[in-house]
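The values are calculated or read from the model by the stated rules, or taken from the named source; none is laboratory data. The model shown is predicted, which means the values in this text are computed figures rather than measured ones. Cβ: placed from backbone, ideal geometry, glycine included. Neighbour counts: every protein chain shown. Ligands, DNA and RNA are excluded from the accessible area calculation, which covers all protein heavy atoms including side chains. Shrake-Rupley method; radii C 1.70, N 1.55, O 1.52, S 1.80 Å.
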Amino acid sequence: MSDELSGILRAAARGEFPPPDGRTTVIGQHGARDAGVFAFTAHSVICTDEDPAWVRERLAAAPSDEPAAAMNPVFLAAMLTRTGRAMDTIDLVTVADALPGAPETALREITDREHPRVTRALHHRDEVRVWAADGGVLILGRGVAGRWEAAVEVEREAQGRGLGRALALAARHLVPDAEVWAQQAPGNARSVRAFQTAGFRPVGSEALFAGGQGPPSA
């Protein structure tokens, strides 16, 4: 298995991106969760164990110009059919540096591994930890290429009070690494604003292919 994707993401967190040359790089998967497309400014990275020659053929057949081909719905659909995987959405990807000290928001850790929020998080990440606040939860765990990822959930009754931002900021204090990553659906403007106000900076977008490997198709 290659850890090339991890290196690309670590570099992006430092502000060092693939060259903006309009091209697409195809690399092997670091792990089962890493299949997908990662788009940066004028350069995309496709992480898959499929035959690179087949991937390039499907990219060339996508009805878009080369810089946008990897995120074109026709190409993504071909990849999902080929791999037998599923895709949720194309997410905005953000990252923030870790902060020292304890978070200001009062949190209580949920240690019950059978708790519904914990069991749901374990489907997507490893080494999961979950904290609850009044009106919301913060989830931390290792996701794509082993990176530490944060997700927050705010109950409807608690929305509009800055809790999302406070939980996102708390993730920067609690992450056991140099940085913490988070994904937001671009249309979820409230979540996008909460994370960016908490210091998360956008680095690109990604479409992850979830699920098991299916039989190859022509």
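Listed here are the residues, each with its yes/no results for (1) surrounded by fewer than 16 Cβ atoms within 10 Å (Cβ to Cβ); (2) out of contact with any Lys or Arg (no Cβ under 9 Å at 6 or more places or on another chain).
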residue: 74; (1), (2): yes, no
residue: 79; (1), (2): no, no
residue: 85; (1), (2): no, yes
residue: 107; (1), (2): no, yes
residue: 116; (1), (2): yes, yes
residue: 120; (1), (2): yes, yes
residue: 123; (1), (2): yes, yes
residue: 128; (1), (2): no, no
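Condition check: touching a Cys at 6+ places or on another chain (Cβ under 9 Å), of a type outside the set (Phe, Trp, Tyr) and under 26 Å from residue 14 (Cβ atoms). Does residue 144 satisfy that?
Yes, satisfied.
Return the pairs, sorted by first residue and then second, in which the second residue is open to solvent by less than 50 Å² (accessible area, probe 1.4 Å) and in a loop (DSSP other than H, G, I, E, B), the first residue lies in the range 194-210 and is free of Cβ contacts under 8 Å to residues at least 40 places away in the same chain and farther than 17 Å from residue 76 by Cα, the beta carbons are less than 9 Å apart, and the residues are 6+ apart or on different chains.
Pairs found: 197/162.
Out of curiosity, is residue 93 among the aliphatic types (A, V, I, L, M), modelled with pLDDT of 95 or more and under 22 Å from residue 123 (Cα atoms)?
Yes, satisfied.
If a residue must be in a strand (DSSP E or B), of a type outside the set (A, V, I, L, M, F, W, C) and open to solvent by 40 Å² or more (accessible area, probe 1.4 Å), how many such residues does the range 87-105 contain?
Looking only at that region, the number is 1.
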